[in-house]
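Some notes on the structure that comes next.
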Amino acid sequence: MLTVRARVRNGRLVVDEPTDLPEGTEVELATSEDEPWDLTAEQRAELKARLASSDPATLVPAADVFARLRAG
């Protein structure tokens, strides 16, 4: 998955850096404010420890988890 930063200027999204996307490529945008990343220091430490002890082959991208949760 490609991640690109953009900012709103005069009601338009302006990408902060050039991309290699072909002209006319359609993209789906989501604000980062919708994601529940407000973790306490203790929660971050626990998450970091669990990720470090996980088998990378079994990890699932967070975007996939959120999509499944939203789908019900």
Search result, residues across segment 39-67 that are touching a residue at least 24 places away in the same chain (Cβ under 8 Å) and either surrounded by 10 or more Cβ atoms within 10 Å (Cβ to Cβ) or of a type in the set (G, A, S) (or both): A62, A63, F66
Selection status of A45, among the hydrophobic types (A, V, I, L, M, F, W, C) and in a helix (DSSP H, G or I): yes
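Bear in mind these aren't lab numbers, they're just calculated from the coordinates by the rules spelled out. This structure is a prediction, so every number in the text was calculated from the model and none was measured. Neighbour counts are summed over all protein chains in view; Cβ atoms, including those assigned to glycine, are modelled from backbone coordinates with ideal geometry.
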